[in-house]
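The values are calculated or read from the model by the stated rules, or taken from the named source; none is laboratory data. From a predicted model like this one, the values you see are computed outputs, not experimental measurements. Methodologically, a virtual Cβ is constructed for each residue, glycine included, from the backbone with ideal geometry; neighbour enumeration extends over all protein chains shown. For accessibility, only protein heavy atoms count, side chains too; no ligands or nucleic acids. Shrake-Rupley method; radii C 1.70, N 1.55, O 1.52, S 1.80 Å.
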Amino acid sequence: MEVIHTVEWMKQVARQARADGRLTGLVPTMGALHAGHISLIEAARRDASPAIVSIFVNPKQFGPSEDYTKYPRDLEADRQKLEEAGVDFLFAPSVEEMYPTGFRTSVNVEGLADRLEGKIRPGHFRGVATVVLRLLEIVAPRFAYFGRKDAQQARIIRQMATDLALESEIVVCPIVREPDGVALSSRNRYLSPEERKAATVLYRALSRARRTIEEGEREAMRILALVRQELAEEPLASADYAEIIDADSFEPIMRLTRSCLVLLAARFGSTRLIDNMQVEIADSRGGTPSGVICNL
Ligand code: AMP
């Protein structure tokens, strides 16, 4: 695996791969790699070659009181994991390389970026969209891989790719979880043992929603009441939001139809975690339990 630190060299390598007729796959990350990231890399290696992973802790997506300075960084450990995963190129630029002096552009995906996570973390998605567009412009991959763990982010990037007619296809991969249901996240390492145990409440709450939906419940308020009750029963969890939204518009819905998401965000001490479940309803007219798929 070759490690690349400059934008110019990354562009050059990616340009050469395209000229050779190869289909490049890019997995953007902030490092502190775990099995969730590796699942995206596996998807990239299935579809594409070369497989390129970027590691960049993007200052633009952290709020002033967020964990930018203490975000876990261990490039050497990450490099080894990527080597083992069969990655061809690691792109690890510095902040100055990504945002040279005088950098002024930002990308705002209107509407979608202002709600839920965007409301609690103002400017977060502007930072995400800006860095992702810059990475997609540098690498110009045929495929770019994102996790459904960050469902709103994935939706926003898809919208940006459509609106700006980007050449890269945005691929969204399933959530990878620990055996106890906790979604893998680089921030899980901030949790104390008690908080880590408490974090299972997110999965329990989503599982409760799944059971209710599979039994035929379609009223969002009733499902959310159960989810919020589950969250309230965990004393170490402080819920930020629990919402059921249309998977396309990201607007709250009253009744579950077609494709929607149950989205959760909660704090465990100073650590904020998010999780979600995707619900696909084949035919909601009869309100029957058949034709329902709940992807946790
Ligand atoms: P991050 O390094 O946290 O910015 O994440 C990089 C990519 O990995 C994003 O597209 C995330 O959605 C994805 N990701 C993070 N955690 C998981 C997980 N548990 N399962 C699947 N994808 C994930």
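What the table shows:
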{"item": "Within the range 164-221, tally of residues that are closer than 21 Å to Val279 by Cα, touching a strand residue (DSSP E or B) at 6+ places or on another chain (Cβ under 6 Å) and within 11 Å of the ligand (Cβ to nearest atom)", "result": "7"}
{"item": "In the range 17-32, residue farthest from Asp67 (Cα to Cα) [restricted to those that are in contact (Cβ under 8 Å) with a residue 60 or more places away in the chain and either within 10 Å of the ligand (Cβ to nearest atom) or open to solvent by less than 10 Å² (accessible area, probe 1.4 Å) (or both)]", "result": "Thr24"}
{"item": "Residues satisfying the stated conditions in the range 233-248, i.e. open to solvent by 50 Å² or more (accessible area, probe 1.4 Å) and either outside the structural domain of Thr271 (by TED's automatic domain parsing) or under 22 Å from the mean Cα position of the chain (by Cα) (or both)", "result": "Ser238, Ala239, Asp240, Glu243, Asp248"}
{"item": "Qualifying residues in the range 33-49 (those that are more than 25 Å from Glu178 (Cα to Cα) and in contact with a Ser or Thr (Cβ under 8 Å, 6 or more places away or on another chain)) - the one least open to solvent (accessible area, probe 1.4 Å)", "result": "Ala48"}
{"item": "Some residue of the range 66-77 being polar (S, T, N, Q), over 24 Å from Val7 (Cβ atoms) and away from the ligand (no atom under 16 Å from the Cβ)", "result": "no"}
{"item": "Tally of residues being modelled with pLDDT of 95 or more, closer than 15 Å to Gly216 by Cβ and in a loop (DSSP other than H, G, I, E, B) across the range 241-296", "result": "1"}
{"item": "The range 96-117 residues that are closer than 30 Å to Leu264 by Cβ, paired with ones that are in a loop (DSSP other than H, G, I, E, B) (beta carbon under 6 Å, 6 or more apart)", "result": "Leu112/Phe250"}
{"item": "Residue match in the range 141-149 (condition: more than 10 Å from the ligand (Cβ to nearest atom), outside the structural domain of Ala265 (by TED's automatic domain parsing) and in contact with a Phe, Trp or Tyr (Cβ under 9 Å, 6 or more places away or on another chain))", "result": "no"}
{"item": "Residue identified as modelled with pLDDT of 95 or more and surrounded by 16 or more Cβ atoms within 10 Å (Cβ to Cβ) among Ile120, Ile52", "result": "Ile52"}
{"item": "So Ala44, is it within 14 Å of the ligand (Cβ to nearest atom), closer than 12 Å to Phe89 by Cβ and not acidic (Asp, Glu)", "result": "yes"}
{"item": "Boolean, Ala144 is surrounded by fewer than 20 Cβ atoms within 10 Å (Cβ to Cβ), within 19 Å of the chain's Cα centre (by Cα) and not in a loop (DSSP other than H, G, I, E, B)", "result": "no"}
{"item": "Any chance Thr271 is in contact with an Asp or Glu (Cβ under 7 Å, 6 or more places away or on another chain), surrounded by fewer than 20 Cβ atoms within 10 Å (Cβ to Cβ) and not assigned by TED's automatic domain parsing to the domain that holds Gly118", "result": "yes"}
{"item": "Selection status of Phe103, touching a Leu at 6+ places or on another chain (Cβ under 8 Å) and either within 15 Å of the ligand (Cβ to nearest atom) or open to solvent by 10 Å² or more (accessible area, probe 1.4 Å) (or both)", "result": "no"}
{"item": "Residues satisfying the stated conditions in the range 218-242, i.e. under 30 Å from Gly291 (Cα atoms) and not hydrophobic (A, V, I, L, M, F, W, C)", "result": "Arg218, Glu219, Arg222, Arg228, Gln229, Glu230, Tyr241"}
